[in-house]
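These notes concern the structure reproduced below.
The values are calculated or read from the model by the stated rules, or taken from the named source; none is laboratory data. Just so we're clear, the structure is a prediction, and the values are computed from it rather than from any experiment. Because the Cβ atoms are built from the backbone with ideal geometry, glycine has one as well, and the counts that use them run over all protein chains shown.
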Amino acid sequence: AQSVTQPDIHITVSEGASLELRCNYSYGATPYLFWYVQSPGQGLQLLLKYFSGDTLVQGIKGFEAEFKRSQSSFNLRKPSVHWSDAAEYFCAVGSSGGGADGLTFGKGTHLIIQP
Amino acid sequence: SAVISQKPSRDICQRGTSLTIQCQVDSQVTMMFWYRQQPGQSLTLIATANQGSEATYESGFVIDKFPISRPNLTFSTLTVSNMSPEDSSIYLCSVEVVESRVQYFGPGTRLTVT
C-alpha cells in the first residue's frame, strides 16, 4: 500500500528566509506526486506535481520540488517565504497505473511565518 | 482545471440525523472522489464515484453510513447517515481531470455534529 510521511508537523520560518518541507513516500512503482496548500478556511490548492521527466519541478507561488527516487523523497522548497505562505502543506501520492485513483495524503506540515 | 462547488459550506446537525452534501463541477468528469478531513488531521479518501456505477469505498467506510450518488458527469452527493459527534469533519469533493491527471478540490463542507 502506498503511504506518505511528512516528518515535520510544524515549521517556523522568518519572512524572507528559505523553506524546505520534507516528504517521503512509499510506492511500488514510479508514483505521481503532488504538493497541495490549504490556507485557513480554504480548500486545497495544487502547488505542483511530478509524473515523470525532469526531477526538479516548478510550481505556482515560487515553489519548487525535487523528486529523488533513491531517497523516496519529494521535498518542497521556496527560496524566500512571504507572510502569505503561512498555511498547511500536504504532500500526496497517486497511482501511476491506469485509471483514476484517489490520493494518499501525508499528515501535513503547518508553516508559521515569523515577521 | 476544474471549478468545484459544494453545498452546504457548513452545517451543525443533531446526532442521529443525516446530511446530504452536494458537489457540482463545471465540466464533465469521469471520476469524482469524496474525502474526509477530521479536525487537525489530513485527508482520508472515503470513496470513488464513477458515473453509472456503484461507488467504491475505502477500508473503514461503508455504503450504509456514507451513501453516494453520481447521477451524471457533473454532480455527486455524499450522505452522512445516522451522525455521531465523531462524524464532525470537513468533507471534500474532488475530481480528476483526465488530461492532466490532477485532482482538483472543492471548498469543503464543515460538519459539526452535536
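Filter the range A:60-115 for residues that are within 14 Å of another protein chain (Cβ to nearest Cβ), touching a Phe, Trp or Tyr at 6+ places or on another chain (Cβ under 7 Å) and on the phi > 0 side of the Ramachandran plot and give the result.
Listed by number, the list holds a single entry, A:108.
Against the definition (in a strand (DSSP E or B), away from every other protein chain (no Cβ under 14 Å) and of a type in the set (S, T, N, Q)), how does residue B:22 come out, yes or no?
Criteria met by residue B:22.
Which of the numbered conditions does residue B:27 fail, given that it passes all the others? Conditions: (1) exposed (fewer than 15 other Cβ atoms within 10 Å of the Cβ); (2) more than 13 Å from chain A (Cβ to nearest Cβ); (3) at pLDDT 95 or above.
So the condition that residue B:27 fails would be (3).
How many residues, within the range A:39-59, are under 24 Å from residue B:92 (Cβ atoms), at pLDDT 90 or above and exposed (fewer than 13 other Cβ atoms within 10 Å of the Cβ)?
0
If you check A:102, A:94, which single one turns out to be more than 14 Å from the chain's Cα centre (by Cα), closer than 21 Å to residue B:2 by Cβ and surrounded by 20 or more Cβ atoms within 10 Å (Cβ to Cβ)?
A:102
Is it the case, given these coordinates, that residue A:76 is touching a helix residue (DSSP H, G or I) at 6+ places or on another chain (Cβ under 7 Å), within 30 Å of residue B:5 (Cβ to Cβ), free of Cβ contacts under 8 Å to residues at least 60 places away in the same chain and buried (at least 18 other Cβ atoms within 10 Å of the Cβ)?
no
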